[in-house]
Amino acid sequence: MAKHQRPTGVGKVADYLDQRTSIGMLVKEFARKIFPDHWSFMLGEIALFSFVVLIASGFFLTMFFDPSMALVRYEGEHPANVHGQLMSAAFHSTVEMSFEVRGGLLMRQIHHWAALIFVASIVLHMFRIFFTGAFRKPREVNWLVGAIMLILALAAGFTGYSLPDDVLSGNGLRIIDGVVKSIPLIGSFMSFLVFGGEFPGHHIIPRLFTLHIFVIPGLLIALIALHLFLMVLQKHTQYPGGGRTDKNVVGYPALPVYVAKMTGNFFIIAGVLTLMGATMAINNVWNYGPYDPSPVSAGTQPDWYILFVDGALRLMPGPGWEWVIGGYTLSMNLLIPALIVPGILFTLLFGWPFIEAKVTGDHREHHVLDRPRNRPVRTGMGVALLVAFVVCALAATNDLIATHFSLDIFAITWVLRVLLFVGPVAAFWVTKRVCLGLQRKDRELVLHGHESGRIVRFANGEYVEVHTPLDEEERWLRVNYQSPAPLEIAPLTDARGVRRKGYRSERRWQRLSQFFYEDRVSPVTPAELAAAHSHGKHDEIEAKEPTGAGTAVGQPKK
């Protein structure tokens, strides 16, 4: 008889919880969840685990930071350049944390690097989703959740960057104050509300501190939980390949495979961030000193994710762009680069899944990802956006480029202004043509196979090149996709000659659909494949070496 084993302590706790919460069913369902395997899916994990490191290191820093703008005098021995200076309590506690608290500087630098990696991984993750079409039905809501998380991540980075109250962060707040004041009618009132008076006021640091450690992290945690819940609730997307369809998922179960992988990834990411914090100095605020609103510093840039706003502000011309209307000044040189352009960008970001569904007329569920080459316009738009960001980032460093390479800063600015308009258009056109070229190459490979380098001569003197046919999985990859055609709409008038209502709106959507899908390369159909592989004696060559029919060039006769 089998010996009855008494439950362990963990087993007793699990049984206790299961009897009262039925959590066993949830764990069982999650353990059976299948996840596909691809390196790009790690981008989301990097964002998640960087956020965990951010929370842990931020908890440590919160115990030593004083979010006050009260003036105090620094009496610490190190660093010598700020000894005896009058500064805010926020800057004082930051410097003291860096030099007097054991592990304080390490935690500060881990926290800053984790913030940079957190935002970078979110951006790359969303680019991956965008290029592969993972935002399509039923994942539109999850795309919106991710876009909101990106905005909150930018807000978290900026509020944390501003807390030390040093010269760099103070200049950033000064720019924000100018942007807020440029809002028509309510700008000056909003500035007084945000700063608690005329800039810099006495309340901005405590308010930013509350946002940074309480409001924004709370919202991010809620959205991350919702994001993960929706991901588990829906089937995980997978890259195209042999046997992968919208009705199945090819991969490994969550337990034990992916839980083990994610645990290992967490320790790797935490270890890398710790190594970066220990060996790569960043944001050494004592080199710049406490914030003083009177001087204006040069050669300074914000963190990388704000470079596009700083660069756009530098590229925008000043003279002639301040308009006085009805006694009110419209500072378009601030409104356009800092509010209007980012507003348009994020509006497109939120609306893209619905725009693409409208121009394709496709409302089916999609679980297999697109290859970027099969969506030329979407891929071109993404590359164009990336080029625009790079141009704005270069513009944010125009003073450093001028000093390091002994160039005229005005010439640099004008070149970047031209590139801001020409570069994205050129990048879009080149990317679209490359994608169409790759699609045509896929058609050729499916129809004729890979070049083998073998040339065969028939008895009648004809020379042919023998191609190696594709295997089933490679052929599936290159033909199993849809190439939408532009929308078709009904004529302007109906059968009785009456003008149809809503024709203009339909016509606008049709033009947009033509922009997306007028240039298209359809995948190979089974009929085309059968016709391409039915060409007489050439079929015999692919199956065996030629005998009496011909002789391979460069090979001896048998």
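Just a few scattered comments:
- None of 290, 353, 337 is of a type outside the set (Ser, Thr, Tyr), open to solvent by less than 40 Å² (accessible area, probe 1.4 Å) and in contact with a Lys or Arg (Cβ under 7 Å, 6 or more places away or on another chain) except 353.
- Residue 471 vs. criteria out of contact with any Cys (no Cβ under 7 Å at 6 or more places or on another chain) and open to solvent by less than 60 Å² (accessible area, probe 1.4 Å): no
- The single condition among (1) surrounded by 14 or more Cβ atoms within 10 Å (Cβ to Cβ); (2) modelled with pLDDT under 95; (3) not aliphatic (A, V, I, L, M) that residue 406 does not satisfy is (1).
- Sole residue being farther than 30 Å from residue 435 by Cβ, assigned to a helix (DSSP H, G or I) and open to solvent by less than 10 Å² (accessible area, probe 1.4 Å), chosen from 160, 170: 170
- Candidate set: the stretch 184-214, residues that are of a type in the set (Val, Ile, Thr) and assigned to a helix (DSSP H, G or I); chosen: the one surrounded by the fewest Cβ atoms within 10 Å (Cβ to Cβ): 210
- Residue, nearest to residue 110 (Cα to Cα), within the stretch 67-89, restricted to residues that are open to solvent by 70 Å² or more (accessible area, probe 1.4 Å) and assigned to a loop (DSSP other than H, G, I, E, B): 78
- Candidate set from the stretch 443-461 (those that are open to solvent by 50 Å² or more (accessible area, probe 1.4 Å) and touching a residue at least 60 places away in the same chain (Cβ under 8 Å)); member that is nearest to residue 245 (Cα to Cα): 443
- Subset of the stretch 356-398 that is among the charged types (D, E, K, R) and assigned to a helix (DSSP H, G or I) - its residue that is most open to solvent (accessible area, probe 1.4 Å): 358
- Tally of residues being open to solvent by 60 Å² or more (accessible area, probe 1.4 Å) and either of a type in the set (Val, Ile, Thr) or assigned to a loop (DSSP other than H, G, I, E, B) (or both) across the stretch 239-273: 6
- Odd one out for residue 14 among (1) assigned to a helix (DSSP H, G or I); (2) farther than 25 Å from residue 262 by Cα; (3) open to solvent by less than 70 Å² (accessible area, probe 1.4 Å); (4) at pLDDT below 90: (2)
- Unmet requirement for residue 105, which otherwise passes all of (1) touching a residue at least 12 places away in the same chain (Cβ under 8 Å); (2) in a helix (DSSP H, G or I); (3) closer than 26 Å to residue 277 by Cα: (1)
- Given (1) hydroxyl-bearing (Ser, Thr, Tyr); (2) over 22 Å from residue 146 (Cα atoms); (3) touching a strand residue (DSSP E or B) at 6+ places or on another chain (Cβ under 9 Å), index of the condition residue 239 fails: (2)
- The set of residues in the stretch 490-528 that are open to solvent by 50 Å² or more (accessible area, probe 1.4 Å) and among the hydrophobic types (A, V, I, L, M, F, W, C) comprises 492, 495, 498, 509, 512, 515, 527.
- Inter-residue pairs, beta-carbon under 7 Å, first under 16 Å from residue 86 (Cα atoms) and touching a residue at least 60 places away in the same chain (Cβ under 8 Å) and in the stretch 60-74, second open to solvent by 90 Å² or more (accessible area, probe 1.4 Å) and of a type in the set (Phe, Trp, Tyr), 6+ apart: none
The values are calculated or read from the model by the stated rules, or taken from the named source; none is laboratory data. Computed from a prediction, not measured in an experiment: that's the story for all the values here. Reconstructed Cβ throughout: ideal geometry from the backbone, glycine too, with neighbour counts over all protein chains shown. Side chains included, ligands, DNA and RNA excluded: accessible areas come from the protein's heavy atoms. Shrake-Rupley method; radii C 1.70, N 1.55, O 1.52, S 1.80 Å.
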